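Taking it in order: structure first as structure tokens, then the write-up.
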Amino acid sequence: MIRTKRFVAALRRTPSDVKRLFQEPLLLMGIVLVNVFLFLFVVLPLFKIFQLSFEDNGRFSLQVFVDLMSKRYNVQPLIHSLTLGVAVSILGTLIGFIFAYAITRVNIPWKRFFTVTATFPIIAPPFMMSLSAILLFGKQGFVSKMILREIIQFKIYGFWGLLVVETLTYFSTAYLTLYGVLQAIDPALEDAALDLGASKGKIFRSITLPLATPGIASAILLIFSQSLADFGNPMILAGNYTILATQAYLTIVGMYNMKGGAALAILLLIPSLIAFCVQKYWVSRKSYVTVTGKPSAARIKVDRSLTKYSIFGLCLLLASVIFLFYGMILFGSVVKLWGANHSLTLANYAHVFTIGWEYIKDTLILSSIATPISGVLAMIIAFLVVRKNFPGKRLMELVSLLTFAVPGTVVGIGYILAFNQRPLLLTGTAAIIVLLFIFRDIAVGVQTGIAELQQIDPSIEEASTDLGADSSITFRRITLPLITPAFYSGLAFTFVKCMTAISAVIFVVSGKWNLITIAILGSVENSDLSQAAAFSVVIIIFILLALWLIQFLVNRLGGGRKLKFEKAESLQSI
Amino acid sequence: MNEAYLEIMNLSKEFFSDYQEEKVVAVKDFNLQIHKGEFLTLLGPSGCGKTTTLRLIGGFENPTRGDIYLDGAKINDVPANKRDTCMVFQSYALFPHMNIYRNVAYGLEIKKLPRNEIKEKVEKILDLVGLSGLSNRPVGQLSGGQQQRVALARAIVNEPKVLLFDEPLSNLDAKLRIRMRIFIRKIQQDLNITSVYVTHDQEEAMTLSDRIVVMNQGAIEQVGTPEEIYARPKTKFVADFIGKTTNFVSGEVLEKDGTAIGVKVWDKILRFDRPNDFHKGDKVILVVRPEMIDLSAREGMFAGQVSLVTYLGSEVIYEVAANGQLFTIQISNPLRQGTFHRGDKVWMVFDVQNIFLIKE
């Protein structure tokens with residue numbers, strides 16, 4: 001009954017909106033184009049996977065899943081992925097919370113240092129941790145061989161290794177989410193509890209923690225999906241502990257079993273989508289705090305020496321571990337032959353810039369093409385979703401945010417299925433990589449744009465309309481300049497993601513167009529660890545250069561606003 | 001003058017809220033004619049539909065039913081950016097990334113006027129609003145009053161057929177508000193711009209307007225000059241909404257002749273010269289403004305007892321309990337008349353000549 005009423009209401013509301021659209025052909029064209037793009041490059045690839053795995057001789061069938069589930073080696077990756085995901089998300093959230101709490105609530109020294117340490121993993125290629133784990137604890141590892149002289153053997157290949165590296169990689173997400181949430185809790189609430197006689201411990205248990213609970217749930221779900229989607233680390237470190245993302249890849253590339261790979265991809269997609277929906281439609285609605293970025297009154301910080309120094313010690317310990325891992329990459333990159341000859345050399349870098357230059361060039365070119373397109377498209381979508389009224393608006397928003405929820409492996413498989421034949425024959429071209437880059441992470445740009453726009457008084461844009469501007473002029477001259485910070489944050493985020501992408505693009509790279517991350521994976525597989533380390537360092541240098549460049553542009557054009565890159569990441573959870 | 005310049009016919013606007021399936025009627029069967037050069041105010045409590053009406057005129061909302069004519073042409077289907085109306089927004093809505101000059105020039109640039117003509121017009125308007133010399137200043141560095149002037153300049157520089165104001169003074173402090181409203185009225189009269197102004201502040205409406213439209217729940221309660229609205233309210237809502245605290249007294253028409261009616265109020269019969277509007281037996285309400293009652297120690301019309309005295313210097317506000325009702329009474333010039341105290345027995349004398357009657 002309510003549904004029909006809503007339907008009737010929607011019908012009656014639509015005509016005038018549609019009439020409006022036809023008065024602005026440019027706006028109408030924009031909406032149609034965005035929808036076509038989203039359909040082709042987000043919906044169609046997913047549809048192809050479903051089609052391949054559920055269709056048997058033109059009829060709906062679950063046969064492929066029956067086949068999959070009947071074999072132990074196929075069921076195992078599912079169990080492994082879920083187990084790992086749960087473990088990583090809990091551990092990662094705990095570490096993220098410790099950092100976030102220490103920085104927002106405790107009067108510890110070296111806050112900037114800890115902030116940088118806690119956010120650095122975001123810009124590093126995600127599989128660097130695995131590489132470092134091998135450098136440290138592998139057969140030829142620095143710790144296992146040089147320090148402990150092979151007395152203890154570490155089992156880094158498998159669950160424990162993955163747990164450590166994924167936790168160290170993804171706890172940043174939890175940190176940023178929880179930093180935002182803890183910062184946004186009104187200090188007056190905690191002051192009120194203190195005023196009513198609560199101790200610091202009591203305040204933590206009865207005020208801070210309950211208010212942060214939705215944030216904690218968010219962080220857990222986000223890390224869970226990130227762990228599920230992780231491809232680089234398991235490729236290097238999984239050993240016999242097979243997981244879905246890599247198993248789907250190996251099924252397709254190694255066994256040429258498209259149907260089986262697609263089915264595994266769906267098994268991977270389902271828990272990711274569930275986590276996304278729970279986070280987006282349930283947890284975020286429970287939130288008590290809204291992140292407005294409004295400066296709040298000074299917060300009374302925990303300053304009792306015992307609490308303070310134990311938390312400081314814990315942070316220091318975690319930071320040292322992170323430094324040890326990244327430092328080992330730096331060290332590994334200047335060593336002649338890891339495990340055998342530890343004399344220093346720059347030969348690895350020479351190799352990177354000669355033999356590896358093709359990879360670097362391709363990566364830089366493709367990322368530089370994709371980044372601005374993705375950024376502008378994201379802002380256009382955000383503008384349409386927040387400010388315009390047209391049928392199918394909610395669907396457009398959902399589809400553009402969907403890209404965030406779908407693991408890269410699934411997207412990659414979808415792309416090869418969707419674009420391997422005419423009229424959309426794209427496999428082997430640079431275009432398919434660029435398109436993948438554009439749509440892979442557009443959700444973050446859209447999300448940041450939406451959040452920024454919602455803070456801007458709509459009457460500013462109405463004033464522009466009132467003074468005679470149509471939607472396209474208003475977007476170009478008013479909206480875009482006003483959401484510049486979000487725009488640049490989106491650019492920075494997208495560029496980093498393009499430079500470090502691996503899970504989806506590994507399906508669509510070709511001899512002609514190849515990427516640096518794939519080269520690193522190759523080097524690791526050839527046990528050329530020093531080479532891989534040098535490549536990783538170079539990626540990070542290029543990323544830092546690009547971030548610096550974008551920040552420079554913001555300073556020059558954006559009136560000195562601070563780049564809210566960290567905000568872009570933490571917004572995923574809002 | 002009597003030809004309608006902006007005409008609104010049977011205008012209705014219904015919204016469908018996103019989550020509840022209920023229909024919300026924001027404006028219903030709104031009819032109004034506005035003359036050229038007139039300053040008209042839409043006045044009413046929040047949620048009465050006044051802003052929606054303004055946004056319908058500006059083209060920001062589409063009417064569910066009804067038509068809007070401007071200068072003889074129907075403008076229902078003309079989008080906001082093609083409509084010859086300009087709005088001064090409540091939040092000013094200045095473009096924060098542009099300076100004063102760029103803000104004011106924006107509309108002219110979109111009309112693709114020649115550069116030197118734009119410059120000329122902008123400078124003339126900035127001079128008019130008293131901001132000449134500041135044209136390069138970023139709007140973020142302006143005071144509230146200056147921002148208000150920029151918003152006004154940005155709208156009038158386009159020489160719109162109708163100027164719309166959406167509670168433009170609500171973000172200013174009390175003193176500045178009074179200065180700005182005199183300023184707005186002067187400029188409006190100098191340029192003879194037809195204006196529609198939305199406010200919930202009756203004092204603002206009274207001082208600014210040629211005519212006031214009092215709105216309630218999406219519909220018009222009364223249209224009239226400030227004096228008509230105050231002295232001769234048509235409904236109890238208008239009587240109550242306009243003025244400070246108005247006293248309402250029930251009565252019944254007992255007798256009627258050619259020149260007057262006799263209304264029974266409690267134990268007295270008061271005579272009003274309104275024979276044409278009421279019949280014998282009608283229940284009526286007396287609209288008694290606080291200044292329409294005089295207090296006296298000598299026996300008068302109705303006996304009462306003072307329950308609260310608020311001394312304001314130039315006047316005293318009394319609260320008097322009489323016949324189970326509380327009256328608010330304003331006595332000017334207390335120095336001459338002397339004051340009563342809490343608990344004093346007093347007599348109220350109604351200024352029957354000025355008291356207005358409405359049907360219950």
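At 1.4 Å probe size, what's the solvent-accessible area of B:R55? Round to the nearest 10 Å².
50 Å²
Among B:S135, B:Q146, B:I184, which residue has its Cα furthest toward the positive end of the charge dipole of the stretch B:82-212, with +1 on Lys/Arg Cβ and -1 on Asp/Glu Cβ?
So the residue furthest toward the plus end is B:S135.
Which lysines does A:K139 reach when only Cα atoms under 29 Å apart count, and residues fewer than 8 places away in its own chain are ignored?
Straight-distance partners of A:K139: A:K155, A:K336.
State, in square angstrom and to the nearest 100, the accessible area buried between chains B and A, both chains counted, probe radius 1.4 Å.
Chains B and A together bury roughly 2700 Å² of accessible area.
Helix B:174-191: angle to the longest alpha-carbon principal axis of chain B, degrees 0 to 90, nearest 10?
Roughly 60 degrees, rounded to the nearest 10.
Using only the heavy atoms of the protein chains and a 1.4 Å probe, how would A:F22, B:F327 rank by accessible area, largest first?
Details: A:F22 140, B:F327 0 Å².
Correct descending sequence by accessible area is A:F22, B:F327.
Treating the Cα atoms of the stretch B:1-101 as identical point scatterers in vacuum, please give the log10 of the normalised Debye intensity I(q)/I(0) at q = 0.10, 0.17, 0.20, 0.21 Å⁻¹, two decimals.
Rounded to two decimals, the profile gives -0.33, -0.87, -1.11, -1.19.
Mean separation of Cα pairs under 8 Å and 6+ residues apart, divided by the residue count of chain B: what relative contact order is that in percent? Could the numbers behind the result be given before it?
Numbers: 725 pairs, mean separation 52.6, N = 360.
Taking the mean separation of contacting Cα pairs over the length of chain B, I get 15 percent.
Accessible area per residue for chain B in Å², computed with a 1.4 Å probe and the full protein assembly in place, what is it? Walk me through the numbers on the way to the answer.
Numbers: 17150 Å² over 360 residues.
Roughly 48 Å² per residue, with all protein chains present.
So the label point goes 7 Å from the Cα of B:R271 along Cα→C-beta, right? Which residues of the stretch B:319-360 then have their backbone N under 19 Å from it?
It comes to B:349-357, nothing else.
Ranked by accessible surface with a 1.4 Å probe, highest first, in what order do A:W513, A:W357 come?
Values: A:W513 65, A:W357 100 Å².
Most to least solvent-accessible, the answer reads A:W357, A:W513.
May I ask you to give the solvent-accessible area per residue for chain A, in square angstrom, as obtained with a 1.4 angstrom probe? Please report the intermediate quantities before stating the final value.
On the way: 25160 Å² over 574 residues.
Dividing the accessible area of chain A by its residue count gives 44 Å².
Expressed in nm², what is the orientationally averaged projection area of the convex hull enclosing the Cα positions of the stretch A:161-260? It would help to have the intermediate numbers written out before the result.
On the way: hull surface 33.1 nm².
Averaging across all directions leaves 8.3 nm² for the Cα convex hull.
Pop the C-beta distance of A:I147 and A:F120 into the FRET formula with R0 = 25 Å and round what comes out to the nearest 0.05. Kindly include the intermediate steps, with their values, before the conclusion.
Numbers: r = 25 Å, r/R0 = 0.99.
E(calc), rounded to 0.05, equals 0.50.
For a paramagnetic label modelled at 7 Å from the Cα of B:E3 toward its Cβ, which residues of the stretch B:69-89 fall within the zone defined by backbone nitrogen distances under 16 Å?
B:69-74
Report the antiparallel proportion of the DSSP beta bridges in the stretch B:55-208 as a percent, rounded to a multiple of 5.
Values: 3 of 12 bridges.
Antiparallel: roughly 25 percent of the beta bridges in the stretch B:55-208.
Mind checking the mean number of beta-carbon atoms from other chains within 10 Å of the Cβ atoms in B:104-115?
Details: counts 1, 1, 8, 6, 2, 5, 8, 2, 1, 0, 0, 0.
That average works out to 3.
Can you list which of the DSSP-assigned H helices in chain A have a Cα extent of 27 Å or more along the long axis and an average Kyte-Doolittle score of at least 1.6? Before the final figure, lay out the partial values.
Numbers: long enough: A:2-23 (33 Å, -0.52); A:72-105 (48 Å, 1.08); A:159-184 (36 Å, 1.09); A:209-229 (29 Å, 1.54); A:258-277 (28 Å, 1.99); A:305-333 (41 Å, 1.73); A:357-387 (45 Å, 1.34); A:529-557 (42 Å, 2.06).
TM-like helix candidates: A:258-277, A:305-333, A:529-557.
Rounded if a/c is under 1.5, else prolate if a/b beats b/c, else oblate: with a ≥ b ≥ c from the C-alpha gyration tensor eigenvalues square-rooted, which is the stretch A:71-332? Spell out each step's value before the answer.
Values: a/c = 2.73, a/b = 1.46, b/c = 1.87.
Cα axes put the stretch A:71-332 in the oblate bin.
Under the rule of -39500 (n - 2.57) per DSSP H run of 4 or more residues, summed and divided by the residues of the protein assembly as shown, what mean residue ellipticity at 222 nm is obtained, to the nearest 500 deg cm²/dmol? Before the final figure, lay out each step's value.
Values: 36 runs with 487 residues, N = 934.
Dividing the helical sum by the residues of the protein assembly as shown leaves -16500 deg cm²/dmol.
Compute the FRET efficiency between A:N257 and A:K155 as 1/(1 + (r/R0)^6), taking r as their Cβ-Cβ distance and R0 = 30 Å, and round to the nearest 0.05.
Numbers: r = 30 Å, r/R0 = 1.00.
Efficiency, rounded to the nearest 0.05: 0.50.
On a full-extension model of 0.36 nm per residue, what is the gain between B:R137 and B:I182, subtracting their alpha-carbon distance, rounded to one decimal in nm?
On the way: separation 45, 0.36 × 45 = 16.20 nm, distance 2.51 nm.
Going from the current span to full extension adds 13.7 nm.
Can you tell me the 0 to 90 degree angle between the C-alpha axis of helix B:144-156 and the longest principal axis of chain B, rounded to 10?
Compared with the principal axis, the helix lies near 70 degrees.
Heavy-atom accessible area of A:R205 with all protein chains present, probe 1.4 Å, nearest 10 Å²?
150 Å²
Which value, in debye to the nearest 20, gives the size of the charge dipole of chain B about its Cα centre, when Lys and Arg are +1 and Asp and Glu are -1 at the Cβ?
Details: 45 positive and 46 negative charges, 165 e Å.
The dipole of chain B has a size of about 800 debye.
From largest accessible area down, sort A:F323, A:F54; use a 1.4 Å probe on the protein chains. All intermediate terms of the calculation are to be shown ahead of the outcome.
Values: A:F323 115, A:F54 40 Å².
These residues rank, largest area first, as A:F323, A:F54.
Report the FRET efficiency, 1/(1 + (r/R0)^6), for B:N323 and B:K280, where r is their Cβ-Cβ distance and R0 is 25 Å, rounded to 0.05. List each step's numbers first, then the result.
Numbers: r = 24 Å, r/R0 = 0.94.
Efficiency for this residue pair is about 0.60.
Compute the helix-to-body angle for B:115-128: its Cα long axis versus the longest principal axis of chain B, expressed 0 to 90° and rounded to tens.
30 degrees
When Cβ neighbours within 10 Å are restricted to other protein chains, what is their mean count per residue of peptide B:75-81?
Numbers: counts 0, 0, 4, 1, 7, 9, 13.
Mean number of neighbouring Cβ atoms from other chains: 5.
Please report, in whole Å, how far the alpha carbons of the stretch A:315-465 spread along each principal axis, starting with the longest.
Computed over the stretch A:315-465, the largest-to-smallest principal extents equal 68, 51, 28 Å.
At 1.4 Å probe size, what's the solvent-accessible area of A:E452? Round to the nearest 10 Å².
30 Å²
Evaluate the Debye formula for chain A with equal point scatterers sitting on the alpha carbons, no solvent, and hand back log10 of I(q)/I(0) at q = 0.06 Å⁻¹, in q order, two decimals.
-0.32
What average number of partner chain Cβ atoms lie no more than 10 Å from the Cβ of the residues making up B:88-98?
Values: counts 2, 7, 2, 5, 4, 10, 4, 9, 7, 9, 3.
That works out to 6 on average.
Compute, for the protein assembly as shown, the length of the dipole vector about the Cα centre, with Cβ point charges of +1 (Lys, Arg) and -1 (Asp, Glu) only. Units Debye, rounded to 20.
It works out to roughly 2020 debye.
What are the lysines whose alpha-carbon lies under 16 Å from the alpha-carbon of B:K111, with same-chain residues fewer than 8 places away excluded?
B:K82, B:K119, B:K121, B:K161
Provide the convex hull volume over Cα atoms per residue for chain B, in Å³. List each step's numbers first, then the result.
Values: hull volume 70.7 nm³, N = 360.
Measuring per residue, one finds 197 Å³ for the Cα hull of chain B.
With each label point set 7 Å from Cα along the Cα-Cβ vector, what nm distance links A:S343 and A:V66?
For the pair A:S343/A:V66, the computed spacing is 6.6 nm.
The values are calculated or read from the model by the stated rules, or taken from the named source; none is laboratory data. In this text, all values refer to a predicted model and were calculated from it rather than measured experimentally. So basically every Cβ, Gly included, is an ideal-geometry build from the backbone, and we count neighbours across all protein chains shown. Side chains included, ligands, DNA and RNA excluded: accessible areas come from the protein's heavy atoms. Shrake-Rupley method; radii C 1.70, N 1.55, O 1.52, S 1.80 Å.
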